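Here is the structure we will look at, set down as structure tokens.
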Amino acid sequence: MSNSNNAIITTSTSTSNGSNTAHSNPHDPASYFLKLARQYSPAAGAPFASKMMEEDGREDEPTELNTINSSGGFLVMSTDKLSVKYTNVNLHGHDVGAVQANKPAPVKRLVYYFEIYVKNAGAKGQIAIGFTKEGFKMRRQPGWEANSYGYHGDDGYLYRGPGKSEPFGPTFTAKDTVGAGINYVSQEFFFTKNGAVVGAVSNEMEGPLFPTVAVHSQNEEIEVNFGQKRFAFDLKEYEAQERMKQQLSIEKISLPPNISYGLVRSYLLHYGYEETLISFDLAGKSTIPPICIAQENAVDEQDIMYALNQRRTLRQLIRKGDIDAAISKLRDWYPKIVEDEGSATCFLLHCQKFIELVRDCIALLAYEQPQESSVAYLLEDSQREIVADAVNAMILSTNPSVEDLQACIRSYLERLLRQLTACCLERRSLNDDQGEAFHLQRVLNSGKKARC
């Protein structure tokens, strides 16, 4: 498959170089691929898609309990700010020792989760765990006031505001480990006991939510784990199951075979994979019943059939590293494409020619292990694919019937995937940017793993 798949989610990046040469000509489809090639260079850092995936999880996380915003008169906190003990004798409902985390739960992920370990259940075991808004009253149990949810150990109830409580799960006491999490996909809070999910409840709160714990009877003592040590609950497995649910829901969507067949066929046509196209068509005819594209569902193949044989030949030459032969063919078939030596197409071709010249002798010149060197990205097949895609787009642009040069850059399938990406990102923005950011490459890779 062509390396242009990477283009689906990298087009919003600007080039790292403010060059004013013809390489940045917006009317030259090859300039897009030049920009793409620059994004893979060490100077530009990791590819834009990889940067997005790396940066997606970079948020401040809770690391300890908040010593300032707590009901300090009813509890004693350890010096590491990860343990609390109720030291008074509670006389009424406002004598609660409640404390929030020092930071709100991060939202740019699939799930957020934390745990408590009950060292001592005290006189009554009135321990609670949950989430609260920033202005929550620290002398009340989470769940007893508005803008708070709490799972309570003495009765196993879930509390979610004044007068809103319900039987939820088992009680918990000394030596139990209890956890609370936010599932940003389902928009639910979930709670665990000793590594097993107790239950879940819909999250009706908005804005930053703080992990919150509370103790309420003499000698109650708990330790809080914000991830500084291993959880009793298998969070990785839970996340994997949630992703599998999403994958299965996608796979349940019915798609007529002729629609998907037509999209894949248009992709092969667009990039000049003629031999694969022939095999693909034969496979379609051998199915029972044969796959036929209805006229009303068929994409217009006239433009992408243009110069199919020449585009196939040039792609094969470039993928083999025979750049001189590719340039020679271009001069014979499409001289206008290579007549300007300063064009993005010529620049890419000449750069690739140099890369091919040093490809076999680079270990002798500089690196004992070229694939682990700073120039390794140039030696990968994906580099050749970028050049081949650029040449392919330029040939398609010579078709007199083409009105939109952008159509030369991307296939119908890639345009559909770009629309999917845009819709998913918009849906996430409407949800206050909660949950994992959508990355098409990650979704496609997870689909592959699910089928293995």
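The values are calculated or read from the model by the stated rules, or taken from the named source; none is laboratory data. All values derive from a computational prediction rather than experimental measurement. Here the Cβ is made from the backbone with ideal geometry for all residues, glycine too, and neighbour counts use every protein chain on show. SASA here: full protein model, heavy atoms, side chains in, ligands and nucleic acids out. Shrake-Rupley method; radii C 1.70, N 1.55, O 1.52, S 1.80 Å.
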Summing Lys, Arg as +1 and Asp, Glu as -1, what charge do residues with Cβ under 15 Å from the Cβ of Val197 carry, Val197 excluded?
-> -4
Solvent exposure, largest accessible area first (probe 1.4 Å, DNA, RNA and ligands not counted), of Val89, Val402, Val224 | Val89, Val402, Val224
The range 174-216 - percent of accessible surface contributed by carbon and sulfur, probe 1.4 Å = 48 percent
Keeping every protein chain in place, order Leu269, Leu248 by accessible area at 1.4 Å, biggest value first, i.e. largest first.
-> Leu248, Leu269
Note down the accessible area of Thr79, probe 1.4 Å, to the nearest 10 Å².
-> 140 Å²
Alpha carbon centroid spacing (whole Å) that separates the range 390-424 from the range 128-159 = 53 Å
Can you work out the accessible area per residue across the range 138-263, with the rest of the protein chains kept in place, probe 1.4 Å, in square angstrom?
-> 47 Å²
In the range 118-161, what percent of the accessible surface is made up of carbon and sulfur (1.4 Å probe, ligands and nucleic acids excluded)?
-> 39 percent
